């Protein structure tokens, strides 16, 4: 029994020493961790603890000015980069601070934007015209770990200003556009003057327009109707406006020959406009009594309902001539094929590139693109229209020559000709 008690006592004492040693080791490790923190945590976590060698030198020669060639609300800030802004240097980015000048004293500075290292300019596009502002540029050095900023060291420049933004009357970057407009106007005015003086202006022949009088005459000889389809767009479309202008000339020819001209439309405003144009055409040739209100009539706004209605009229009445002038879409081939099957002479014109192949394949004559817009000048020979047309052609010729010259100069690296046509700085 005595031997058993001694053994138990010795075991208890040994176990107690083991527990004391374990607690002492844990306490030592904890104290060691507190006494030896990471360098970033102990030295750089607060501005006061960041060593001076981590601070970059400030940017210099900060200047501010009203942004040129704008409508106001912008100020340009420029500076010389920090001497520490080098590859792998201390500058990671620049921050721009702004303060409003109140009674001669700058208010509190606030960050309004930033720029990457190496940048030398920033545009503040959120200013109020008439107010004075002061700016600073801050060079920032930082350490980031796991997408979190561990510390930052920033150095501010000297303040620059005051400056205020304002709108400019002229955008000097667009002087080249102004020169082009003036040159085009000079061409147009010159050729209008020449046309009024009776000088014959050369305009190449357009087969589709040359055939208009022949097409109207054919309908007169056969004693059949003329159908004029002004497209499916409303009066806010340029192609519809050009179509209505051509309609006036066709209506004059039809009135002279006492041939029935029928104009089915799919827009109410187009109907009103076309009716007035046809009525005026009859009056212009001295035959107002031959105009009938039902010559111009409304069918439907539905695209394919409109096409089906016209196809039915064509099949039943077999017109001698059909004009398709204006903007067309998927219904173009449906209309043109029906007219072609009826034996009518067809003259089409549109500026929709996707529909031109259908008209070319199924119509006798087709006005392609701009030919639709010059038709009114071509048919009427009115001096203002002819002069405008000729002047625009001369403007296009100048542009074409400039493109050719630019290609040669840029190809052989003689001179950067394209800078003359830049409108964005």
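The values are calculated or read from the model by the stated rules, or taken from the named source; none is laboratory data. Here the structure is a predicted model, which means the values were calculated and not measured. Because the Cβ atoms are built from the backbone with ideal geometry, glycine has one as well, and the counts that use them run over all protein chains shown.
Only one of (1) assigned to a loop (DSSP other than H, G, I, E, B); (2) surrounded by 15 or more Cβ atoms within 10 Å (Cβ to Cβ) is not met by residue 204, so which one is it? All conditions pass for residue 204, except number (2).
All told, residue 105 meets the bar of being more than 38 Å from the chain's Cα centre (by Cα) and either more than 16 Å from residue 163 (Cβ to Cβ) or exposed (fewer than 11 other Cβ atoms within 10 Å of the Cβ) (or both).
Any residue that is touching a strand residue (DSSP E or B) at 6+ places or on another chain (Cβ under 9 Å), assigned to a helix (DSSP H, G or I), closer than 20 Å to residue 335 by Cα and modelled with pLDDT under 95 - is there at least one of those in segment 227-239? Yes, the conditions are met somewhere in segment 227-239. Restricted to strands (runs of 3 or more DSSP E) entirely inside segment 58-146, those with at least 2 residues that are within 24 Å of residue 172 (Cβ to Cβ) and touching a strand residue (DSSP E or B) at 6+ places or on another chain (Cβ under 7 Å) are 60-66, 75-80, 121-124. All of (1) outside the structural domain of residue 238 (by TED's automatic domain parsing); (2) at positive phi hold for residue 326 with one exception: (1). The numbered conditions (1) part of a helix (DSSP H, G or I); (2) in the same structural domain as residue 300 (by TED's automatic domain parsing); (3) without any contact (Cβ under 8 Å) to a residue 60 or more places away in the chain are all true for residue 178 except (2). Screening segment 317-425 for helices (runs of 4 or more DSSP H) wholly inside it with 3 or more residues that are in contact with a strand residue (DSSP E or B) (Cβ under 8 Å, 6 or more places away or on another chain) returns the ranges 332-341, 356-362, 371-380.
Residues that are out of contact with any helix residue (DSSP H, G or I) (no Cβ under 9 Å at 6 or more places or on another chain) and more than 27 Å from residue 190 (Cβ to Cβ) occur at least once in segment 331-345.
Filtering segment 347-364 to residues that are closer than 13 Å to residue 207 by Cβ and in contact with a helix residue (DSSP H, G or I) (Cβ under 6 Å, 6 or more places away or on another chain) leaves 347, 348, 349, 363. Tell me yes or no: at least one residue of segment 322-332 is within 39 Å of the chain's Cα centre (by Cα), farther than 19 Å from residue 220 by Cβ and surrounded by fewer than 18 Cβ atoms within 10 Å (Cβ to Cβ). Yes, there is a match, as at least one residue in segment 322-332 is within 39 Å of the chain's Cα centre (by Cα), farther than 19 Å from residue 220 by Cβ and surrounded by fewer than 18 Cβ atoms within 10 Å (Cβ to Cβ). Just to be sure before I move on: is residue 301 more than 23 Å from residue 337 (Cα to Cα), touching a helix residue (DSSP H, G or I) at 6+ places or on another chain (Cβ under 9 Å) and either at pLDDT 95 or above or not in a helix (DSSP H, G or I) (or both) in the structure I sent? The answer is no for residue 301. Quick check, is residue 242 in a helix (DSSP H, G or I), in the same structural domain as residue 352 (by TED's automatic domain parsing) and within 40 Å of the chain's Cα centre (by Cα)? Yes: the conditions hold for residue 242.
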